[in-house]
Amino acid sequence: MRNTVWSACLGIILIMTGCSIMNPSTNRVEERNGQTAQSIEVTLTKQISANFWLYLPPSYGETSKEFPLMLFLHGAGERGADLEKVKTHGPPKLAGNMAELDHFVIVSPQCPTEGWWNADELKGLLDYIIETYRIDSTRVYCTGLSMGGYGTWALATAYPEMFAAIAPICGGGSRITPFRLKDMPIWAFHGAKDPTVPLSETQVIIDRIRKDGGNPKFTIYPEAQHDSWTESYANPELYQWLLEHRNESAALDPSEN
């Protein structure tokens with residue numbers, strides 16, 4: 001087994017969402033029939049914490065180049081406070097033993113017991129990783145299984161400008177997902193006999209995206225039940241496909257927009 005770099009981290013991250021209101025300013029625009037039209041500008045802050053595995057490929061310390069970033073979201077069974085559970089499936093299980101994963105910095109957070117993936121909190125974690133490590137911001141990817149598949153759809157729907165491509169596995173999305181992700185490179189996976197998350201959860205999103213002119217890839221395993229992730233994550237073509245995609249708009253300086 002080749003040497004790998006693993007670290008379990010606890011981070012306190014500030015992101016622009018939720019909670020305390022600072023420096024509010026209100027402008028009264030007009031009054032009509034007893035109602036006033038107003039506008040407001042506020043700064044919203046929320047403090048979050050995150051436990052996660054971080055994989056730095058062996059060559060990370062041997063070069064000054066920037067690396068693609070992969071975010072992996074686990075399923076409901078890996079929630080809790082035992083970070084080892086996150087390595088049960090997918091990239092955190094395979095990293096260090098699968099050459100294709102050595103192209104990525106991989107961050108694998110753990111969702112708290114009884115919790116659900118929160119898009120704003122995940123965005124805060126990604127911002128922290130991108131700021132702290134040598135990350136190619138044009139090559140940020142998200143993938144997840146089951147509950148993490150739902151999380152992948154939700155995060156990409158909330159922040160489509162952040163990702164170069166996504167790979168949701170046996171999850172589902174909201175009604176606005178197809179409208180937000182029509183132009184997103186997507187490779188989705190699902191088992192045809194899944195008794196836990198029906199195939200239709202993915203199929204309806206894929207059909208609508210295609211109807212709107214998008215071109216997502218969709219792999220259906222005819223005999224697979226809920227575990228459609230083992231075969232998917234063992235497939236080197238998945239990681240090669242991810243690396244084919246860049247999000248050049250992510251490289252733009254926000255001050256230039």
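Within the range 237-256, is even one residue small (Gly, Ala, Ser) and modelled with pLDDT of 95 or more? No - not one qualifying residue is present in the range 237-256. Pairs are defined by a Cβ separation below 7 Å, a sequence spacing of at least 6 or placement on different chains, a first member in the range 86-104 that is on the phi < 0 side of the Ramachandran plot, and a second member that is surrounded by fewer than 18 Cβ atoms within 10 Å (Cβ to Cβ) and in a loop (DSSP other than H, G, I, E, B); the pairs so defined are ALA95/THR4; ASN97/MET1. The residue pairs whose first member lies in the range 44-64 and is surrounded by 11 or more Cβ atoms within 10 Å (Cβ to Cβ), whose second member is of a type in the set (Phe, Trp, Tyr) and modelled with pLDDT under 95, and whose beta carbons are closer than 7 Å, counting only pairs six or more residues apart or on different chains, are TRP53/TRP6; TYR55/TRP6. Here the range 112-139 is the region considered, the condition is being over 16 Å from ILE48 (Cα atoms) and touching a helix residue (DSSP H, G or I) at 6+ places or on another chain (Cβ under 6 Å), and the residue that is surrounded by the most Cβ atoms within 10 Å (Cβ to Cβ) is SER137.
Could you tell me whether any residue of the range 130-146 is touching a strand residue (DSSP E or B) at 6+ places or on another chain (Cβ under 6 Å), modelled with pLDDT of 95 or more and of a type in the set (Gly, Ala, Ser)? Yes, the range 130-146 contains at least one residue that is touching a strand residue (DSSP E or B) at 6+ places or on another chain (Cβ under 6 Å), modelled with pLDDT of 95 or more and of a type in the set (Gly, Ala, Ser). When the range 153-182 is filtered for residues that are among the charged types (D, E, K, R) and under 21 Å from LEU125 (Cβ atoms), the ones remaining, listed by number, are GLU161, ARG180. Consider the range 79-111 and keep the residues that are in contact with a strand residue (DSSP E or B) (Cβ under 8 Å, 6 or more places away or on another chain) and aliphatic (A, V, I, L, M). The one that is surrounded by the fewest Cβ atoms within 10 Å (Cβ to Cβ) is ALA81.
Does at least one position in the range 39-54 carry a residue that is assigned to a loop (DSSP other than H, G, I, E, B), on the phi < 0 side of the Ramachandran plot and modelled with pLDDT of 90 or more? Checked the range 39-54: no residue is assigned to a loop (DSSP other than H, G, I, E, B), on the phi < 0 side of the Ramachandran plot and modelled with pLDDT of 90 or more.
Identify the residue in the range 95-115 that is touching a Phe, Trp or Tyr at 6+ places or on another chain (Cβ under 8 Å) and not aliphatic (A, V, I, L, M) and, among all such residues, is nearest to ALA250 (Cα to Cα). So, considering only residues that are touching a Phe, Trp or Tyr at 6+ places or on another chain (Cβ under 8 Å) and not aliphatic (A, V, I, L, M), the one nearest to ALA250 (Cα to Cα) is PHE104. If the condition is being closer than 23 Å to MET70 by Cα and β-branched (Val, Ile, Thr), then the range 157-213 contributes THR157, ILE166, ILE169, THR177, ILE186, THR202, ILE205, ILE206. All conditions but one from (1) touching a Pro at 6+ places or on another chain (Cβ under 6 Å); (2) in a helix (DSSP H, G or I) apply to PRO91; the one that does not is (1).
The values are calculated or read from the model by the stated rules, or taken from the named source; none is laboratory data. Predicted model, so just to flag it, every value in this text is computed and none were measured. Glycine gets a Cβ as well: all are built from the backbone with ideal geometry, and neighbour counts include every protein chain shown.
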